[in-house]
Amino acid sequence: LPAVDLAGGADLVVTADESGAGRLGRLDATARPVTGVNLLPTALLENPANPATRTWQATSISGSARGEVAVLPDGREGRPCLKVTCIDPGTNGTFGAILRWPGLQPARRDRHFRMSCWVRTPPDAVAGLQVTSRDWNWWKNTERLGDRPAWTETALEFTLPAGTDLTHVRLHMTSQRPGAELFAADMALIELPAPPPAE
């Protein structure tokens, strides 16, 4: 069977077949975490006729700041990237893009992740990646990088506590200059193997 994220609500069903003339067969099933794989959708789903279909959508985060999201076909290493343009800086506000995805359901144990993205920013702007729970009470942020004319990675390793979901993924961006253009590419959320138990 292919690997399935059972934490996301999928079911593993085992059925018995009576055609074995009374013989009992044995089926071994193992559930284990999938580590080292980017859990975020990699497609940007750009559709100019229907922006609602985009994986990443513009969002205002604080201070009534607003930005506009577009997808460029030739970003970092020739792959598509996001361009977020500051439309209105608001009152020292934050704008950016939010990811449309199902998120991660709470688990019974702590889980360990690395989140990262690559950004290009002008001198008067910063950008980074944030993950939060559905109720926004738990969150983690990468460093927000500014004045990066070349593609630069910002990353953070963190622990998602047992019983906590991970629902919102957002690019956090700030600029006080309308028209400022910020770029983001290769957003990733990768589960890491559990650390060995303490001795």
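The values are calculated or read from the model by the stated rules, or taken from the named source; none is laboratory data. Keep in mind it's a predicted model, so treat the numbers as computed, not measured. Backbone-built Cβ (ideal geometry, glycine too); neighbour counts: all protein chains shown. Protein only, heavy atoms only, side chains kept; ligands, DNA and RNA dropped before computing areas. Shrake-Rupley method; radii C 1.70, N 1.55, O 1.52, S 1.80 Å.
Laid out as a table, the results:
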read-out: Residues being in contact (Cβ under 8 Å) with a residue 60 or more places away in the chain, outside any strand (DSSP E or B) and out of contact with any Cys (no Cβ under 7 Å at 6 or more places or on another chain) - total across region 131-188; value: 3
read-out: First in region 42-54 and in contact (Cβ under 8 Å) with a residue 24 or more places away in the chain, second anywhere and exposed (fewer than 11 other Cβ atoms within 10 Å of the Cβ), Cβ under 9 Å, 6 or more apart; value: GLU46/PRO73
read-out: Which listed residue is of a type outside the set (Val, Ile, Thr) and within 12 Å of the chain's Cα centre (by Cα), from ARG177, ARG170; value: ARG170
read-out: Scan of region 154-190 for residues that are buried (at least 16 other Cβ atoms within 10 Å of the Cβ), within 27 Å of LYS83 (Cα to Cα) and among the acidic types (Asp, Glu), ordered by number; value: GLU181, ASP186
read-out: Residue that is least open to solvent (accessible area, probe 1.4 Å), among those in region 123-148 that are of a type in the set (Phe, Trp, Tyr) and in contact with a His (Cβ under 9 Å, 6 or more places away or on another chain); value: TRP136
read-out: Where TRP151 falls short, out of the listed (1) of a type in the set (Phe, Trp, Tyr); (2) open to solvent by 40 Å² or more (accessible area, probe 1.4 Å); (3) more than 23 Å from ARG54 (Cβ to Cβ); value: (3)
read-out: Residue in region 112-121 that is among the hydrophobic types (A, V, I, L, M, F, W, C) and over 12 Å from the mean Cα position of the chain (by Cα) present; value: yes
read-out: Hey, ARG114 in contact with an Asp or Glu (Cβ under 9 Å, 6 or more places away or on another chain), basic (Lys, Arg), part of a strand (DSSP E or B) and open to solvent by 40 Å² or more (accessible area, probe 1.4 Å) or not; value: yes
read-out: Condition broken by PRO197, with the remaining ones in (1) in a loop (DSSP other than H, G, I, E, B); (2) without any contact (Cβ under 8 Å) to a residue 40 or more places away in the chain; (3) under 20 Å from PRO122 (Cα atoms) satisfied; value: (3)
read-out: Options ARG109, ARG120: the member that is surrounded by 18 or more Cβ atoms within 10 Å (Cβ to Cβ) and either part of a loop (DSSP other than H, G, I, E, B) or not hydrophobic (A, V, I, L, M, F, W, C) (or both); value: ARG120
read-out: Subset of region 50-105 that is in contact with a helix residue (DSSP H, G or I) (Cβ under 8 Å, 6 or more places away or on another chain) and not in a strand (DSSP E or B) - its residue that is most open to solvent (accessible area, probe 1.4 Å); value: PRO102
